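Worksheet: one structure, shown below.
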Amino acid sequence: MTTPSLAPRSRQLGLPAASALVVGSVIGTGVFGLPAALATFGPISLVAFGVVSIGSLALAIVFSWLTKRVPGSGGPYLYARAAFGEFAGFLNAWSYWLTAWAGNAAIVVALTGYVEVFINTDHNVGWSIVIAFVCLWIPALINFFGLSSMGGAQVVFTVLKIVPLAMIAVIGLFFLNPANFGPFNSSGTSTWSALAGAGAVTLFAYLGIETASVAAGRVRDPGRNVPRATIYGTIACAVVYILGTLAVFGTVSNSNLRKSTAPFSDAANAIFSGSWAGQIIAVVAIVSGLGCLVGWTFIVGEMPNAAAKDNMFPRFFAREARGVPVVGILASTVLATLLMILAYTSFDQVFTTVVLLTVFTAVIPYLFSAAAQVYWLLSRRHPTSWPHFARDLTISIVALVFTFWALAGSGAEAVFYGAFAFFLAVPLYVWMKVSNRRRGVGASAEAAEEPVPGADEAAEPLVAANGTGVRS
């Protein structure tokens, strides 16, 4: 089982960098591109945003508890493996890895839309692919310079994007025009279907709340810093998201918003009556997207790196340089590049299609993580405070139910392609098991089910924090 990193202090992330990793990974170009995708559903998507925000906060709290219970890098992979065995852990590692590099393809599509405010304004597909390619590989190069380079870049990018984004979100509230909102439910479907569909798209904006837990082994004092970064980062993102989407819906007409490739720029132009404001927001969106990709490019290598160290992924994923998983980053960026090209050349609604595929593969590790927490709560050995136990179980069940709701809203196409990609893990798992047996190494199911080294000690802060008396 992966244990907390013993890396030198200079190769660990402090609280500011860990917080920036969460906020920077969550607030990327998703918030800048989502209003256009949500315009299809109408203002009912704001209700979906509220529901998703509550569900995401429940997940963030669950991740903060799980980080204390099962320390080390790997996040959902570690939690599923410790609770349900190595096969469940492997499936989570695989699904999360798919999410990370497919999500990078979605992020760069939205980022390219804002770059095209300045160049390739006629949206020539060939040049769009070239721009997206460059935007994918710049963050990879930043990561190749080392962990301190990645952490520093995240702090800078996060500050540069969060301040102007929050300003537009607040100022836009004073320029709302009810006529711009359009019909409350403009999807042409039932209220439930519209909420589920908008919720699935919206969940993409919250992907990344778990990134601090995935990189916990590289965070200084993870038992304290990872939960704080996860919970407070999620709350901050929720406030910015809901106010920002409301501002865009109220300043840009629904018909124009559906066709927009840079909705926040259009909103800024409407507020300040000039193209200069939209261009400033476009720059902010570009900075935001690059910062988001810097964080996700690191995470996309970190998950297979943690699994490879447990002989659950091919061993080459375990290779590192300057404190970063370079092989995982390289392989994943290549895959994201290929998916980006496929999206531009094969899908009509590029951003929405890739978003829904990413949400499907992301929800599976979220589901297993919430299920692991429910399992540990129900199998507790030392109950001490029933009110706290009831509170924690309620939050965990809300997070679990939320993941099923998100799966239902992903849509038939996303479920089809996502399930196909997910079950490709089965032959890979068979190959890994056979290879490990031949080499006489490997994580056995029995070993995976043994107590995590230091798990009891790691659980003690949890007991003190939430009063459940739960021990792993």
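Every read-out reported here was derived from the displayed coordinates using simple, explicitly stated rules and does not represent laboratory data. This structure is a prediction, so every number in the text was calculated from the model and none was measured. No Cβ is skipped: glycine too gets one built from the backbone with ideal geometry, and neighbour counts run over all protein chains shown.
Database remark: amide H of Arg220 closer than 5 angstrom to the amide H of Leu13, Gly14 (H placed geometrically; neighbours at sequence offset of 5 or more, or on other chains; Pro and chain starts carry no H). Label the range 34-188 by shape, choosing from rounded, prolate and oblate, from the square roots a ≥ b ≥ c of the eigenvalues of the Cα gyration tensor; if a/c is under 1.5 it is rounded, and otherwise prolate applies when a/b is larger than b/c, oblate when it is not. Because a/c hits 1.5 or more and a/b fails to exceed b/c, the range 34-188 counts as oblate. For the range 29-466, the relative contact order works out to 33 percent when only alpha carbon pairs closer than 8 Å and six or more residues apart are counted. In straight-distance terms, cross-link reach from Lys259 covers every one of the lysines whose alpha-carbon lies under 29 Å from its own, apart from those fewer than eight places away in the same chain; here that gives Lys161.
Whole-Hz Karplus values for the range 296-304 come out as 5, 5, 5, 5, 5, x, 6, 5, x Hz, taken residue by residue from phi with 6.51 cos²θ - 1.76 cosθ + 1.60 and θ = phi - 60°; glycine and proline positions read x. When peptides 217-228, 97-108 are ranked by their average number of other Cβ atoms within 10 Å per residue, the highest-first order is 97-108, 217-228. Look at the Cα gyration tensor of the range 29-466: its axes a ≥ b ≥ c give a/c of at least 1.5 with a/b over b/c, and that counts as prolate. Close amide-amide hydrogen proximity is noted between Val324 and Leu147, each under 5 Å apart and 5 or more residues distant or on a separate chain (H modeled in the peptide plane; Pro and chain starts excluded). Straight-line cross-link reach from Lys433 at under 24 Å between alpha-carbon atoms covers these lysines, not counting any fewer than eight positions away in the same chain: Lys309. For the range 398-403, the Karplus equation 6.51 cos²θ - 1.76 cosθ + 1.60, evaluated at θ = phi - 60°, returns couplings of 4, 4, 5, 4, 4, 5 Hz by residue, with Gly and Pro reported as x. With θ taken as phi - 60° and the Karplus curve 6.51 cos²θ - 1.76 cosθ + 1.60 applied, the whole-hertz 3J(HN,Hα) list for the range 388-397 is 5, 4, 4, 4, 5, 5, 4, 4, 5, 5 Hz, x standing for glycine and proline.
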